[in-house]
Amino acid sequence: MQPVEEIAARIHTIRGQRVMIDADLALLYGVSAKRFNEQVRRNPRRFPSDFMFRLENHEFAVLRSQFATSSWGGKRYLPFAFTEHGAIMAASVLNSPRAIEVSVFIVRAFVQLRNSLASHKELGKRLDELENRVGTHDHAVGRILEAIRQLTRPPDVPRRRRIGFL
């Protein structure tokens with residue numbers, strides 16, 4: 001079994017949501033990506049849009065550019081992205097002992113990521129307090145605080161362009 005940290009490394013932020021890609025989930029659950037997606041397609045009512053969505057070309061291109069080689073291989077279709085709830089629902093659809101066991105680790109990875117983000121927010125609050133205490137008398141300290149603040153900010157999610165005539 002893979003440790004929670006390795007699973008957490010497979011969680012990506014897409015469209016402002018923390019998700020896992022179908023091929024990564026299939027690998028964790030011990031099934032082929034083809035079988036995994038087959039089970040998902042056979043149970044469409046279990047996967048509403050807030051549980052799962054298909055990546056768009058530009059999202060997949062950005063995701064692939066983060067890695068030297070693609071672990072998703074040559075595909076005909078763009079991959080699915082599963083939220084935490086979608087990943088758990090996939091385990092219930094696969095209904096194998098390994099899928100149930102791995103789903104526990106996936107939940108722990110999402111929780112660990114959520115906790116680390118909460119600690120970043122706490123760090124931001126403390127930086128604000130420190131900045132207020134130090135004041136503006138030391139410009140170098142202000143620049144250091146701003147650099148730390150930029151590191152703790154979540155990535156910017158581009159706004160989707162509206163469809164139709166404006």
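Each peptide in 50-63, 19-32 was scored by the mean count of other Cβ atoms within 10 Å over its residues; highest first, the order is 19-32, 50-63.
Given charges of +1 on the Cβ of Lys and Arg and -1 on the Cβ of Asp and Glu, with all other atoms neutral, how large is the dipole of the stretch 1-65 about its Cα centre, in debye to the nearest 20?
With only Lys, Arg, Asp and Glu charged at Cβ, the dipole is about 340 debye.
In this structure, the amide hydrogen of Ile14, modeled 1.01 Å from its nitrogen in the peptide plane, lies closer than 5 angstrom to those of Val19, counting only residues at least 5 positions away or on a different chain. Between the amide H of Phe47 and any residue lying 5 or more places away or on another chain, no distance stays under 5 Å, with hydrogens modeled in the peptide plane.
Taking 25 Å as R0, compute the FRET efficiency from the Cβ-Cβ separation of Glu38 and Glu122 and round it to 0.05. If you can, show how the numbers build up before the last one.
Working: r = 43 Å, r/R0 = 1.73.
Rounded to the nearest 0.05, the efficiency is 0.05.
All of the numbers you see were taken from the coordinates with simple rules; none came from a lab. Here the structure is a predicted model, which means the values were calculated and not measured. So basically every Cβ, Gly included, is an ideal-geometry build from the backbone, and we count neighbours across all protein chains shown.
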